[in-house]
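Here the structure is laid out as structure tokens; the discussion comes afterwards.
Each value in this text was obtained by applying a stated rule to the coordinates, not by laboratory testing. None of the values given here were measured: they were computed from a predicted structure. Neighbour counts run over all protein chains shown; Cβ positions are idealised from the backbone, glycine included.
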Amino acid sequence: MVDELLFIAAGAAVLLAAGLLVGLADRKHFRLAWLLAAALLFAINEVAVTRGLWLLPRTPGLDGNWNWSGKLLALAVTLAIAALPIFGWRRIGLTFRQEQLRGALVTTGVLLCLYAALAWVMGDGGGDAETLAFQLTMPGLEEEIFYRGLFLLALDRAFTSRIRVGGAPIGWSLLLCSLMFGLIHGLGVRNGVWSFDLMAFALPFIGAIPAVWLRAKTGSVVLPIVMHNLVNTLFVVLPL
């Protein structure tokens, strides 16, 4: 439990430090309260993903080699918070309605081809039934609805300046959201000893950038969810 608390504190500190630097550089478009809200949401999500800092038991018949119950709990918590009037499912992108779909589909197709080539070189190949089922569902559903949905909305409200990139309104939240997504994959602490895997950080960080763009382009998390799950599955099954 101590390691998880340290990780949450470190993650929140990185977010606040990076966010304050951006905010000081662009004070006119900065809302501190929403940056603090984003840090709180990050902490809540991490507690849920770790099943209450590993205090909640594994679910018999559900949890095998993967943290199904933690992911499902985090998804349920995200949906519950997003249902509050201050957020709203539609505003976090939980909608099947797609804006500017044609360009987004073309981009998604190109990205999947690039990821497939990368997975062919770096993928593990094979993968048992549970691994395939997990990668086809949980990462995209839980992580995209939180990071490219609820968390991104809070960051968008914290940093309100925008520029148009390929027709999508993009702000500082793209970099901060991508930074935190890379951090949860690359940063680790075990028995009080910190570690940092640059590759484990870099791939999610880079991958989060087009995911945020797709969310902004379409107004929905549907394509980011689909792409995330397909990419994870490609890295499991390729090379064949």
Worksheet item: What is the Rg over Rh value, at two decimals, for the stretch 76-154, using alpha-carbon atoms and the Kirkwood definition of Rh?
Response: 1.06
Worksheet item: What is the packing order of peptides 57-70, 221-234, taking the mean over residues of other C-beta atoms within 10 Å and listing the highest first?
Response: 221-234, 57-70
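Which whole number of Å³ per residue matches the convex hull of the alpha-carbon atoms in the chain?
Values: hull volume 31.1 nm³, N = 240.
For the chain, the hull spanned by Cα atoms encloses 130 Å³ per residue.
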Worksheet entry | Rg and Dmax [Cα atoms of the stretch 130-175; Å; Rg one decimal, Dmax integer] | 14.0, 43
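Which helices, counted as full DSSP H runs in the chain, have an axial Cα extent of no less than 15 Å and a Kyte-Doolittle average of 1.6 or above?
Details: long enough: 2-25 (35 Å, 2.12); 32-49 (26 Å, 2.09); 68-82 (21 Å, 1.63); 101-122 (30 Å, 1.73); 173-186 (19 Å, 1.79); 198-218 (30 Å, 1.31); 222-237 (23 Å, 1.82).
Taking the DSSP H segments of the chain (at least 15 Å long, mean hydropathy at least 1.6), we get 2-25, 32-49, 68-82, 101-122, 173-186, 222-237.
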Response to the item:
Net charge (Lys, Arg +1; Asp, Glu -1) of residues whose beta-carbon lies under 14 Å from that of MET227, MET227 excluded, is +1
Worksheet item: Which of ASP128, ASP197, ASP156 moves most in a GNM of the chain, Cα contacts under 10 Å?
Response: ASP128
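How charged is the neighbourhood of TRP66? Take every other residue with its Cβ under 15 Å from the Cβ of TRP66, and add Lys/Arg as +1 and Asp/Glu as -1. Don't jump to the answer; show the numbers that get you there.
Working: positive: ARG51, ARG58, LYS71; negative: ASP63, ASP124, ASP128, GLU130, GLU142, GLU143.
So the surrounding residues net to -3.
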